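Novice: Take a look at the following structure, please.
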Amino acid sequence: MPMIEKIGFVAAVVLPLWNIPLIVKVGRRKSSKDLSLAWALGVWVCLVAMLPSGLLSADPVFRVFAVMNITLFSAVVIQVLRYR
């Protein structure tokens with residue numbers, strides 16, 4: 001695996017992890033008022049629509065990113081809906 005692909009792979013794993021502080025923040029405050037429900041659901045619908053392409057892609061970076069992103073952003077959406 002070339003170095004540029006390794007860097008991309010690491011970024012594909014790390015980038016969705018930035019959702020975790022948002023999940024924790026909503027949980028601690030027990031409120032999601034500062035997050036737009038339309039934004040959260042809009043992003044999630046787009047990620048769901050992109051998931052089949054990500055899973056079928058020959059690019060391992062895109063596959064990992066698609067799975068990590070849908071998994072962790074789904075947790076964000078669950079927290080937003082939970083505290084609405």
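Novice: Do you know which of the residues in region 30-48 that are part of a helix (DSSP H, G or I) and in contact (Cβ under 8 Å) with a residue 40 or more places away in the chain is farthest from VAL64 (Cα to Cα)? Break it down stepwise before answering.
Specialist: Taking region 30-48 as the starting set, the residues that turn out to be part of a helix (DSSP H, G or I) are 37-48.
If we keep only those that are in contact (Cβ under 8 Å) with a residue 40 or more places away in the chain as well, we get 37, 40.
Working: LEU37: 26, ALA40: 21 Å.
Here the residue is LEU37.
Novice: Hey, could you check region 1-25 for residues that are farther than 18 Å from ILE70 by Cα and part of a helix (DSSP H, G or I) and say which is nearest to the chain's Cα centre (by Cα)?
Specialist: At the first step, the residues of region 1-25 found to be farther than 18 Å from ILE70 by Cα are 1-7, 25.
Okay, now just the ones that are also part of a helix (DSSP H, G or I), so 3-7, 25.
Details: MET3: 24, ILE4: 22, GLU5: 20, LYS6: 20, ILE7: 19, LYS25: 16 Å.
Taking the candidates together, the pick is LYS25.
Novice: Filter region 41-53 for residues that are closer than 24 Å to MET1 by Cβ and more than 13 Å from the chain's Cα centre (by Cα) and give the result.
Specialist: The one that is closer than 24 Å to MET1 by Cβ and more than 13 Å from the chain's Cα centre (by Cα): SER53.
Novice: Same structure again: Taking region 7-16, which residues are free of Cβ contacts under 8 Å to residues at least 12 places away in the same chain and open to solvent by 80 Å² or more (accessible area, probe 1.4 Å)?
Specialist: ILE7, VAL10 - these are the residues of region 7-16 that are free of Cβ contacts under 8 Å to residues at least 12 places away in the same chain and open to solvent by 80 Å² or more (accessible area, probe 1.4 Å).
One line per residue, one yes/no per condition, for (1) surrounded by fewer than 17 Cβ atoms within 10 Å (Cβ to Cβ); (2) aliphatic (A, V, I, L, M); (3) at pLDDT 95 or above:
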{"residue": "GLU5", "(1), (2), (3)": "yes, no, no"}
{"residue": "TRP18", "(1), (2), (3)": "yes, no, yes"}
{"residue": "VAL24", "(1), (2), (3)": "yes, yes, yes"}
{"residue": "SER31", "(1), (2), (3)": "yes, no, yes"}
{"residue": "GLY42", "(1), (2), (3)": "yes, no, yes"}
{"residue": "GLY54", "(1), (2), (3)": "no, no, yes"}
{"residue": "ALA66", "(1), (2), (3)": "no, yes, yes"}
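The values are calculated or read from the model by the stated rules, or taken from the named source; none is laboratory data. Nothing here was measured: the structure is a model prediction, and the numbers come from that model. Quick reminder, even Gly has a Cβ in these numbers, built from the backbone with ideal geometry, and neighbours come from all protein chains shown. These accessible areas exclude ligands, DNA and RNA; they are computed on the full protein's heavy atoms, side chains included. Shrake-Rupley method; radii C 1.70, N 1.55, O 1.52, S 1.80 Å.
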